Amino acid sequence: MKKTLGLWLLTLSVSTMAALPNYSAPEILARANIGDGFNLPAMSFISNTCPVINNRGDVSFKLMGFGGDNNQGLWLKRGADENGKIVYIAPEMRLLTEPTLNDKGQVAFNQYDDGVTDGIFIIDADTNEVQQVLKPENDDIAFYTYPQVLTNGKVYFRATNQESIRSYYQYDGSLKQIIAEGVSAYGQKSSYLFKPYLNDSGAMTFKRRIGETGEWDERNPDEILLLKPKENSYESIVIAKDRDGDPDSKFLGFTNSSSISKSGLIAFTAILEDSSKAIIIAMDGKLKNLAIEKSDNISEIELFAPKVNDQGLVVFRAKDMEGKRGIYITSTEGTKKLIGEGDEIMTDLGLAKILSNPNFPGFGGDVDMNDHGEIVFYCLVMGAKDNQEWGSAVFKITPQK
């Protein structure tokens, strides 16, 4: 069954949306550097990692190497613990996908190398037990990407087969295909399936390009689609279409990622009629502009996934009118910058500042946020007084009580 957003009412109303919170100073969780480190050994390396945080306050992120070795690994800190640690080391010559994290403290990831995949793994934050939940026994699946495990144990991921056709799968002891490129599903054929994002009920939102297999041209229609579990199938709801698919659309297109909260609020970045980008939230059966380029001292919304929580808060990356990158938060109550390049920030070594260099970004990767409004991000830091490189670090920002 396919619906449009106008026929769909979300359970939350505008009146329940919280005002923008004030935030405490960022707390350093880990720092990687050549000669020293914090919660990491010396000779550790983080690059454009995408830290994740759940509602327990657990945090995880990927390491490119540590202790002088080139093995990738996963770092994990439970919300109940004072410090975090490396909980998984990939075998030599193996790479890891960015981790995802559910509210039980289960970290999901894929381990792979060129032409080789080892399937999907889960680490339990409470026991540090590593389980290989999905082995690559299906020879048709060449790559397992964007794995997520829900608190009910069901695993979801995007698969790519030997012919480079992408599909979404659910795994609960057996594989169930949800949608595939080149096959008519939910009213259209998909020529490309972008990164999916799920909430704990199994509702899935994603961008898809419409067309036959291999028709990836920007002139092909794009839509933001929601799939909601319904008995043994899915109900599909078109959240938004671009002008290539609907001449009356107010959107010229969308960036590649959307997100969904536990209650079903959806956030994505759209390109408006004047070619400016905007953060959009789907709520109360309507699409609302929350933040727009050239407003709120924002010159450019960056091409990273905006994250929405059940309070109706959306965190995203953007540049200010001076071209400096920063972390922003927005809701129906307004938009504000939380921290940016060149700002001072406290580390284990003392007062630092976030790298501000027109030729190199001070922030990297996606930011993440939980339902408590806690935010985690990655950045490069340098001494506030001596401008010496202090490495790369992951921080958490917490709303003031």
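The values are calculated or read from the model by the stated rules, or taken from the named source; none is laboratory data. What you see is a predicted model; the values in this text were computed from it and never measured. With ideal geometry, Cβ positions are generated from the backbone for all residues, glycine too; neighbour counts draw on all protein chains shown. Side chains included, ligands, DNA and RNA excluded: accessible areas come from the protein's heavy atoms. Shrake-Rupley method; radii C 1.70, N 1.55, O 1.52, S 1.80 Å.
Can you give the percent of C-alpha pairs in the stretch 134-184 whose distance is more than 18 Å? Summing the P(r) tail past 18 Å for the stretch 134-184 gives 24 percent.
Where q = 0.09, 0.13, 0.15, 0.17 Å⁻¹, what log10 of I(q)/I(0) comes from the Debye formula for the stretch 18-164, counting one point per Cα? Values returned for q = 0.09, 0.13, 0.15, 0.17 Å⁻¹ are -0.30, -0.61, -0.79, -0.97. Pairs of lysine residues in the stretch 86-226 that meet both criteria, 8 or more places apart or on different chains and Cα atoms under 27 Å apart, total 16. Split the accessible area of the stretch 268-401 by element, probe 1.4 Å, and carbon with sulfur accounts for 45%. What a 1.4 Å probe finds exposed on the stretch 39-96 is 49% carbon and sulfur by accessible area, rounded to a whole percent. Values of log10 I(q)/I(0) for the stretch 97-236 across q = 0.10, 0.21 Å⁻¹ run -0.33, -1.34, by the Debye formula with one identical scatterer at each alpha carbon and no solvent. Please work out, to two decimal places, the log10 of the ratio I(q)/I(0) at q = 0.15, 0.22, 0.28 Å⁻¹ from a Debye calculation in which every Cα of the stretch 85-126 carries one identical scatterer. Evaluating at q = 0.15, 0.22, 0.28 Å⁻¹ gives log10 I(q)/I(0) of -0.37, -0.73, -1.04.
Note on K385: aspartates and glutamates with a C-alpha under 14 Å away, same-chain residues under 8 apart excluded, are D343, E344. With bins 10 Å wide beginning at 0, the percent of Cα pairs of the stretch 324-401 falling in each bin runs 17, 51, 26, 6, 0.
Each Cα pair of the stretch 235-346 feeds into the Kirkwood radius, which the Stokes-Einstein equation turns, at 4 °C and 1.567 mPa s, into a diffusion coefficient of 90 µm²/s. Overall, the chain carries a charge dipole of about 820 debye about its Cα centre when +1 sits on the Cβ of Lys and Arg and -1 on the Cβ of Asp and Glu, all other atoms neutral.
Heavy-atom accessible surface of the chain, averaged per residue, reaches 42 Å², computed with a 1.4 Å probe. Counting Cα-Cα pairs of the stretch 211-267 in 10 Å increments starting at 0 gives whole-percent bin shares of 20, 44, 30, 6.
For the stretch 302-347, the spherically averaged projection of the C-alpha convex hull amounts to 4.2 nm². Think of the chain as having a plus end and a minus end, set by charges on the Cβ of Lys, Arg, Asp and Glu; of I260, T145, I301, I260 sits farthest toward the positive end of this dipole. Once you have a ≥ b ≥ c as the square roots of the Cα gyration tensor eigenvalues for the chain, tell me rounded if a/c is under 1.5, and otherwise prolate or oblate according to whether a/b is larger than b/c. Oblate is the answer for the chain, as a/c is 1.5 or above yet b/c matches or exceeds a/b. What the pair-distance distribution of the stretch 269-401 shows, using all Cα-Cα distances binned every 5 Å from zero, is 2, 10, 20, 22, 19, 13, 8, 4, 2, 0, 0 percent. Rounded to the nearest 20, the size of the Cβ-charge dipole of the stretch 254-320 about its Cα centre is 220 debye, with Lys and Arg at +1 and Asp and Glu at -1.
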